[in-house]
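The values are calculated or read from the model by the stated rules, or taken from the named source; none is laboratory data. Keep in mind the model is a prediction, meaning the values are calculated, not measured. We place every Cβ from the backbone using ideal geometry, glycine too, and count neighbours over all the protein chains shown.
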Amino acid sequence: MSVTDQERDEIEKSSAPLIEHLIELRRRLIWSLGGFFVAFLVCFFFAKRLFNLLVVPFKWATQWAGLDPHKVELIYTAPQEFFFTQVKLAMFGGMVIAFPLIATQIYKFIAPGLYKNERNAFLPFLIASPILFLMGASLVYFFFTPMVMWFFLAMQQTGTNDQVQISLLPKVSEYLSLIMTLIFSFGLVFQLPVVTSLMTRVGMLSSKALAEKRKWAIVIAFVVAAVLTPPDPMSQIGLAIPTILLYEVAIWSARLIERSQERDRLAREKQEAGEAVADKTPDEPSAPAAS
């Protein structure tokens, strides 16, 4: 099948914007990967201090259990375990620190293809997303992790004549995996209002539909909590309850967006009606009849 000169010209014209988009994508990827690599190096340099900071909730739980918080002990059973734990911690911390830069690069890549009102609508959600993630992470750090560790510490057994001593000595890798899983789970769940608000703006969801599916949302919240959290009831309930509360916030946010869109629609219709009236010319007076 031969290609005509006109089709060849159209292909050449369309290839130029594609190459420009690929160059722009490469630039954004370089900035994103570079920011993550720098953040990774910084976090790896302070990995031990960061890990000691993550152990603070464990110390709080130890104090709640009536034990000496200064005797908190974690172990590693393989020579390379703590090293790879620090690498994993540095990767996690690097991703958290570099997320604003990565999100900004994504926004700059897609912003030229959006209308001005779409950019203005998308920008608040770009700012709200990391804030909500930090709120979820703070809930994990200051409340949820101490509560979970206190629950596990309560299972220890003091050695007596009839019982052996059973003590909690968590491995550094398992403790980091636990707290990273909790932070990721809560941070992900706290994005629910952002996701539902965006879907409401584009017309994929409505506050009425969200309210009607409330019963299913409660069931799904407990199922997701059972999948994302450790297999203990406190972790699952602790994640499911904030999820349900955030679902109610999502319904309220969707209603606000719908009201705002309705006001904008009425204002636009009023403006268009006014312009239509202004465009109408008055009828010319009829000429007087000849005598």
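To keep it simple, each residue is scored yes or no on (1) within 27 Å of Phe190 (Cα to Cα); (2) out of contact with any Ser or Thr (no Cβ under 7 Å at 6 or more places or on another chain); (3) in contact (Cβ under 8 Å) with a residue 40 or more places away in the chain.
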position	(1), (2), (3)
Met234	yes, yes, yes
Ile241	yes, yes, no
Leu245	yes, yes, no
Leu256	yes, yes, no
Arg259	yes, yes, no
Arg268	no, yes, no
Ala273	no, yes, no
Ala276	no, yes, no
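Out of segment 181-221, which residues are more than 18 Å from Ala137 (Cα to Cα), among the polar types (S, T, N, Q) and outside any helix (DSSP H, G or I)? Selection gives Ser206 alone.
Let me confirm something: among Pro57, Pro17, which residue is of a type outside the set (Phe, Trp, Tyr), at pLDDT below 85 and farther than 30 Å from Ser197 by Cβ?
On the way: Pro57 fails: at pLDDT below 85.
Going through Pro57, Pro17 in turn, the sole match is Pro17.
Set side by side, the residues Leu178, Leu123, Leu139 differ, and just one is in a helix (DSSP H, G or I), touching a residue at least 12 places away in the same chain (Cβ under 8 Å) and farther than 16 Å from Trp60 by Cβ, which is Leu123.
Being within 22 Å of Val96 (Cα to Cα) and in contact (Cβ under 8 Å) with a residue 40 or more places away in the chain is a description that applies to Phe37. In segment 46-83, of all residues being in contact with a Lys or Arg (Cβ under 9 Å, 6 or more places away or on another chain) and under 20 Å from Val140 (Cβ atoms), the one that is surrounded by the most Cβ atoms within 10 Å (Cβ to Cβ) corresponds to Thr62.
When segment 82-117 is limited to residues that are assigned to a helix (DSSP H, G or I) and among the aromatic types (Phe, Trp, Tyr), the one that is nearest to Glu20 (Cα to Cα) turns out to be Phe109.
Just one of Phe144, Phe190 is in contact with a Leu (Cβ under 7 Å, 6 or more places away or on another chain), of a type in the set (Phe, Trp, Tyr) and more than 26 Å from Leu74 (Cα to Cα); which is it?
On the way: Phe144 fails: more than 26 Å from Leu74 (Cα to Cα).
Among Phe144, Phe190, only Phe190 is in contact with a Leu (Cβ under 7 Å, 6 or more places away or on another chain), of a type in the set (Phe, Trp, Tyr) and more than 26 Å from Leu74 (Cα to Cα).
A search for C-beta distances below 9 Å between a residue of segment 60-72 that is of a type in the set (Ser, Thr, Tyr) and any residue that is surrounded by 14 or more Cβ atoms within 10 Å (Cβ to Cβ) and in a helix (DSSP H, G or I), counting only pairs 6+ apart in sequence or on different chains, returns Thr62/Pro69; Thr62/Met149; Thr62/Trp150; Thr62/Leu153. Looking only at segment 190-201, decide whether some residue is within 18 Å of Ile127 (Cα to Cα), at pLDDT 85 or above and in contact with a Pro (Cβ under 8 Å, 6 or more places away or on another chain). Yes. The residues of segment 68-124 that are basic (Lys, Arg) and either over 18 Å from Leu50 (Cα atoms) or in contact with a Gly (Cβ under 6 Å, 6 or more places away or on another chain) (or both), listed by number, are Lys71, Lys108, Lys116, Arg119.
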